[in-house]
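The values are calculated or read from the model by the stated rules, or taken from the named source; none is laboratory data. Values in this document were obtained by computation on a predicted structure and should not be read as measured data. So basically every Cβ, Gly included, is an ideal-geometry build from the backbone, and we count neighbours across all protein chains shown. All accessible areas refer to the heavy atoms of the entire protein, side chains included, with ligands and DNA or RNA removed. Shrake-Rupley method; radii C 1.70, N 1.55, O 1.52, S 1.80 Å.
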Amino acid sequence: MESQRGQTPDHGSDVSGPKQSSVSSHGRQRNSSSSTCKDFLRKFVDNELLTSSLDDWFSGHSEDCDFKKPLFDVPFDLSELQNFDYAIEGVTFQQLVRMPNALHASTSDIFEANAHIALEDFLHAAIKGLWETFWDPDESLPFSVACIHSTSSKFYPAEKAINSGKLDGVCATAVLLKNLKHSQGRWDHIVVLALLRPDIGMFSGQNDQQPYHAVLGEALFFAMRVLLSRSLSRSSTVLHNSDCVYVLLVDSQFGGVVNVQGDLNKLDFDLNNVYGCSADWIKKHAQVTVSSIDRVWNKLGNANWGDIGTLQVLLAIFHSMIQFCGAPKYSLDELATEHSSRLQSRRSERHLVSRQVNGNGLFRFQQQSHSPEIVEMQEEGAVNVKPKEILKLENGSVVLMEDADLKKGFQINDILTDNEPPIYRATPVEEPTKTHLLYVGSSPSHLEPTWEDMNSWYQVQRQTKVLTLMQQRGISSRHIPQMVASGRVVHPGPCNKPNSSGSCGHPWCSTPILVTSPAGETISNMIRNGLFGIDEALRCCHDCLSALAAASSAGICHGDIRPENVICVSNSSRHPYFVIIGWGHAILEDRDRPLMDLFFSSTFALQEGKLCAASDAESLIYLLYFCCGGVCPELDSVEGALQWRETSWSRRVIQQKLGDASAVLKAFADYVDSICGTPYPMDYEIWLRRLQRTIRKDHDKEIDTSS
């Protein structure tokens, strides 16, 4: 893997056609014509000359840094890699061609050939897995993988280069953006570049050592060629990304990442000194970050997809794909939050969830904090973890919120629910006659989220997203909360956070807040105070169905129907009405997973980990059953919860209990039982009409049907 590594042909610039305009897509005036840049690129062919021009710069970095410190900043910090690890936790990457082991290779040529083929398969598995996870599994992959030949600057699959006897000239492997007009590949279509070199692993495990000067100089050489080629592209997408490129450094076991960013308009295109000018640009105008060298493949040639080395490479490929394909359909943060659901499912599998009796006598999951460290287990099985500081609001206090460019104050009246995290009833300072619900999230400064942090994320950030989406899709119902305000806490004292999304270090800085309307009393509190009877059961069923019907019209399911998430609103209304709150765990698309609750989750949710069309209605049946005095079983496992459901439905225990309250509720339970787990949609309209007639006939009351 040594021959002609840094050599590229003088005519290598023909991979990028001339630009049609002297102004880039960023609107910046180029200080050199396209022809000059193209001539510059033609002469920029020797990586060793560039490396020698950077010797003093490398030496200066070495002198400025302590022996144990890396010479350059790293492209990704630990929190980024950890978040990325959570996001791809359930993704299957499949490298079918194993990376060979140099110790077991019969000849160096065979080893090198197999290594190039394995590297191509690794890159293909990476882009395929990332594309299907973050973008769209139903769309064809817009990337390909090929080797670059140094003497012709052409792109070949590794097997073709080997069969044609051109393996010695292979200098790099590239992920390319597919282009029907240029199926052979072009330099400006390179998304990310990988250099397969035999000596990368010697820098692993040595106080986070980074590649030495020769290897790093070669990586910077190839980075410069890619950036220059992109700057000559006719594609606006490519031009837009002519200031940032990732280069991967790998051998048969280890790998690392080099990232180069900078404005090429500041490069002096002196055709008589291309290497000196390039070196000056790198020293003065480029930001170079270099990761540590860590293991990517194990001794069997399998990629360690969840280890630091592979995560660094994958994250570099991910950011490179974003450059050419735009923001993914599913964000990193969104997929990373599914880690919490998977943890909860695992705890259920291991029977680590315990029962906790809340104020209304109903059993629910006990949410406990978790820690990435090993902790001592107490006799009762609880995890002893010191909770992080979470913003607590007292009655009568005023919280100041920054919403866009406005600051709004809300005075806390009382606490609606005392669960973790709590929900407050609050009054706007400027409108003291109104009452809203106020949700407080957790500070973004928490690196490792606790259970409470994840709960508050769903309660605030995710619910904000869902309610915003409902507004955008035109969903309007008095039985669904409306978002009043959404913003960040303005904490006391000075704040010097670096940007709008950062934090100054104060425990409350950038803590998110969501305010919704209307406010009311939870069903839990109504039962506790003996205020939930037959009339309330009928109205609750009608109003909740109305909310679910409105949401389902836009393809949204609630996924977390329980007594704490339904409130009764009685202010300035002729008759009280019910509103479903807590939309943070709503199911927006197939990949979303519902919150598991042993008592209120549907049978299909417990079995399959997702919802069917009737799942929310089934959860509503369980809610009404318990509210009407149904026996509350002792459940401590998913298996026990499924057994209780099967027995209760088959023996018609649930139908009979609801029949004691109203015949229409019994009939509705039978209907839900008949379609649970089937693909058939709910017929909301017929049951809304039947419930409406029953309320008017049996109780001589009107019901508001405006929704």
Query - Spin-label pair Q607/Q471, simplified geometry with 7 Å Cα→Cβ offset, distance in nm - result: 4.0
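Kindly identify region 621-693 as rounded, prolate or oblate by the Cα gyration tensor criterion: order the square roots of the eigenvalues as a ≥ b ≥ c, call it rounded if a/c is under 1.5, otherwise compare a/b with b/c, prolate if a/b is larger, else oblate.
Verdict is oblate for region 621-693.
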Query raised in the report: For region 549-665, what class follows from the C-alpha gyration tensor (a ≥ b ≥ c being the square roots of its eigenvalues): rounded when a/c is under 1.5, otherwise prolate if a/b is larger than b/c, else oblate?
Result: oblate
Report summary line: For H149, the net charge from surrounding residues (Cβ-Cβ under 11 Å; K, R +1; D, E -1) works out to +2
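So how strong a dipole does region 530-623 carry about its Cα centre when Lys and Arg Cβ are +1 and Asp and Glu Cβ are -1, to the nearest 20 debye? Write down the numbers at each step before the final one.
Details: 6 positive and 12 negative charges, 30 e Å.
Dipole of region 530-623, to the nearest 20 debye: 140 debye.
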Query raised in the report: Cα extents of region 528-597 along the three principal axes, largest first, in whole Å?
Result: 40, 25, 20
Query raised in the report: Assuming R0 = 25 Å, what is the FRET efficiency of I110 and D307, from their Cβ-Cβ distance, to the nearest 0.05?
Result: 0.40
Query raised in the report: For D136 and N273 in one chain, what is 0.36 nm times their gap in residues minus the Cα-Cα distance, to one decimal in nm?
Result: 44.7 nm
Query raised in the report: If r is the Cβ-Cβ distance from L642 to N413 and R0 is 51 Å, what FRET efficiency results, to the nearest 0.05?
Result: 0.80
Query raised in the report: Per the Cauchy relation, a quarter of the hull surface: what is the mean projected area of the convex hull of the alpha carbons in region 202-344, in nm²?
Result: 11.4
Requested in this report: Please list K43, K299, K408 in order of solvent-accessible area, largest first, computed with a 1.4 Å probe with all protein chains present.
Outcome: K299, K43, K408
Query raised in the report: V653 accessible area, nearest 10 Å², 1.4 Å probe?
Result: 60
Report summary line: Ordering W57, W508 by the accessible surface of their heavy atoms, 1.4 Å probe, largest first, yields W508, W57
Query raised in the report: Over region 594-707, what relative contact order in percent results from Cα pairs under 8 Å that are six or more residues apart?
Result: 26
Report task. List nothing, just return the count: lysine pairs in region 559-707, 8 or more apart or interchain, with Cα separation under 25 Å. Result -> 5
Requested in this report: For K284, K154, K657, give the ranking by accessible area with the largest first, probe 1.4 Å.
Outcome: K284, K154, K657
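Applying 1/(1 + (r/R0)^6) with R0 = 56 Å to the Cβ-Cβ distance of D39 and E430, what FRET efficiency is obtained, to the nearest 0.05?
Computed FRET efficiency for D39 and E430 comes out at 0.30.
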Report summary line: With every protein chain in place, the accessible area of R690 for a 1.4 Å probe, in Å² rounded to the nearest 10, comes to 90
Requested in this report: Assuming 0.692 mPa s and 37 °C, estimate D for region 467-595 with Stokes-Einstein, Rh taken as the Kirkwood radius over Cα pairs, in µm²/s.
Outcome: 196
